[in-house]
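**Student:** Can you keep this structure in mind? I'll have questions shortly.
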Amino acid sequence: MEKTRWLDAEEQRAWRAYLDTTRLLIRALDQQLQADADISFADYETLVILSEAPDRRMRMRDLAEAALATRSGTTRAVTRLELLGWVRRVECEDDRRGTHAELTPAGAAKLAETAPGHVEAVRTHLFDRLTGDQVRQLGGMFGRVSESLSRPGATVRGG
């Protein structure tokens, strides 16, 4: 049986700071989006992902993967956005069983209207609090971790 490699005091401090910061930042960004644009952070991110996709559309399963969400969660999000007229479902031409989610012109307009306030909140809550070197370090550190976790065959345990 493997011996547990407990976090030392510095690792524990860093881990807790990361968790607290992530939770507080997402909460602040969600509150800003709700107050200013009546949209959740998760729904905003769905619109962003679709806006960056070719032809502003993605297969539902690919959208779920890109959003790091479950397929059922993505289905619920797309249903909400569809009711608002910001997304529509389109049959896949190459696979009748598949469905695309597509950003509508109204969804693109909502995103364009909402993005400046969101970017300002990201800047205020994160980047304005860091030096240029810290921003580069942050990008490097989290890019490395994200790349490792995104690799095919990445495991939950070990490295």
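Nothing in this text is a laboratory measurement; each read-out follows from the coordinates by a stated rule. All of these numbers come straight from a predicted model, not from anything done at the bench. Methodologically, a virtual Cβ is constructed for each residue, glycine included, from the backbone with ideal geometry; neighbour enumeration extends over all protein chains shown.
**Student:** Does the range 19-41 hold any residues that are of a type in the set (A, V, I, L, M), part of a helix (DSSP H, G or I) and crowded, with 17+ Cβ neighbours inside 10 Å, and which are they?
**Tutor:** Scanning the range 19-41 gives 29, 33, 37.
**Student:** Please verify whether the range 124-139 includes one or more residues that are assigned to a loop (DSSP other than H, G, I, E, B), out of contact with any Lys or Arg (no Cβ under 7 Å at 6 or more places or on another chain) and free of Cβ contacts under 8 Å to residues at least 40 places away in the same chain. If you could, list the steps in order and put the result at the bottom.
**Tutor:** First, the residues of the range 124-139 that are assigned to a loop (DSSP other than H, G, I, E, B): 126, 130-131.
From what's left, out of contact with any Lys or Arg (no Cβ under 7 Å at 6 or more places or on another chain): 126, 130-131.
When the remaining residues are screened for being free of Cβ contacts under 8 Å to residues at least 40 places away in the same chain, the result is 130-131.
Looking through the range 124-139, at least one residue is assigned to a loop (DSSP other than H, G, I, E, B), out of contact with any Lys or Arg (no Cβ under 7 Å at 6 or more places or on another chain) and free of Cβ contacts under 8 Å to residues at least 40 places away in the same chain.
**Student:** While we're on this one: Which residue, of 69, 106, 101, is closer than 30 Å to residue 18 by Cβ and surrounded by 13 or more Cβ atoms within 10 Å (Cβ to Cβ)?
**Tutor:** Every option except 69 fails the conditions.
**Student:** Does at least one position in the range 13-33 carry a residue that is in contact (Cβ under 8 Å) with a residue 40 or more places away in the chain and either more than 15 Å from the chain's Cα centre (by Cα) or closer than 17 Å to residue 108 by Cβ (or both)? Outline the logic, then answer.
**Tutor:** Initial filter on the range 13-33 (in contact (Cβ under 8 Å) with a residue 40 or more places away in the chain): 25, 28-29, 32-33.
From what is left, the residues that are either more than 15 Å from the chain's Cα centre (by Cα) or closer than 17 Å to residue 108 by Cβ (or both) are 32-33.
Scanning the range 13-33, I find at least one residue that is in contact (Cβ under 8 Å) with a residue 40 or more places away in the chain and either more than 15 Å from the chain's Cα centre (by Cα) or closer than 17 Å to residue 108 by Cβ (or both), so the answer is yes.
**Student:** Is it fair to say residue 56 is of a type outside the set (S, T, N, Q), over 15 Å from residue 118 (Cβ atoms) and either buried (at least 17 other Cβ atoms within 10 Å of the Cβ) or without any contact (Cβ under 8 Å) to a residue 40 or more places away in the chain (or both)?
**Tutor:** yes
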